[in-house]
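S.K.: Before I ask anything, let me first share the structure, which is written out below as structure tokens.
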Amino acid sequence: MAGAGAAADRVRPPTLRDEERTVANPSDQAATQLANIVASTGRSVDDWTEIVRASGVEKHGQIVAMLKGDHGLTHGNANLLARTVRDAMAGGPASTDELFAAQYGGGKAGLLPIHDAVAAITDGLGSDVERVVQKTGVSYRRARQFLLIQAPSSKRVQLGLNLPVTPPADRVAETTGMCSHRVNVTSVDEVDDDLAGWIAESYDAAG
């Protein structure tokens, strides 16, 4: 009975169902949402850019409030449109390289070798791995996300995984959201065989 209890302790808590973790590429989601905004309002992004420019508001929150109050957009649509318009007014969105460089700039530069060591593990997983650089992290996906690498502070890199069960290791913590588990890594020495095994297990479960 003790063995059964230990196994039960390792079972992942029911947070999000697996199908709820199967999220689309954020860039594709944003493009679809933006196309729907253009179709429903009858105004192009260029049109909205001119409207915002003529209003005289510049900060993101002010643009969102104006789009909601003056034009009746929902908060989600106004938020995306405000970000898109501000990018257009600034000459375009940040490139992938710029987004990544910002994540490990300043005091976080010392964490880059940890990121690189973790990223190298994904090279041997399969040709179906998709790497998506986001504003606050780097996502690795198959049919769904299996690894999220973030640097939330200058002291650690945080890895998000989607594991079917919780490994019997203090390093792995259960969490909620788009990842089921997280692992904090503070040195390259901690990118070891155990960590590689958990990443591979998350990869297998994401197919």
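Since every read-out is calculated from the coordinates, none of them should be taken as a lab result. Computed from a predicted structure; not experimentally measured. Note that we place each Cβ from the backbone using ideal geometry, even for glycine, and neighbour counts take in every protein chain shown.
S.K.: What whole-number distance in Å separates the alpha-carbon centres of the range 74-100 and the range 164-207?
M.R.: Taking the Cα centre of the range 164-207 as reference, the centre of the range 74-100 is 32 Å away.
S.K.: Spelling out what I want: for every residue of the range 141-158, take phi, set θ = phi - 60°, compute 6.51 cos²θ - 1.76 cosθ + 1.60 (Karplus), and round to whole Hz; glycine and proline get x.
M.R.: 9, 10, 5, 8, 5, 10, 8, 10, 9, 9, 10, x, 8, 7, 9, 7, 9, 10
S.K.: Dipole of the range 34-156, Cα-centred, from +1 at each Lys and Arg C-beta and -1 at each Asp and Glu C-beta, to the nearest 20 debye?
M.R.: About 480 debye.
S.K.: State the number of lysine pairs found in the chain whose Cα atoms come within less than 20 Å, restricting to pairs 8 or more positions apart or on distinct chains.
M.R.: Count of close lysine pairs: 5.
S.K.: Here's a follow-up. Could you tell me how many degrees, from 0 to 90 and to the nearest 10, lie between the Cα long axis of helix 193-205 and the main elongation axis, the longest principal axis, of the Cα atoms of the chain?
M.R.: With rounding to tens, the tilt is 60 degrees.
S.K.: Roughly what angle does helix 45-55 make with the longest principal axis of the chain, taking Cα atoms, 0 to 90 degrees, to the nearest 10?
M.R.: Its long axis makes an angle of about 70 degrees.
S.K.: Also, quick follow-up: How many nm separate the modelled label positions at K68 and R171, each set 7 Å beyond the Cα in the direction of the Cβ?
M.R.: Those two pseudo-labels are separated by 4.3 nm.
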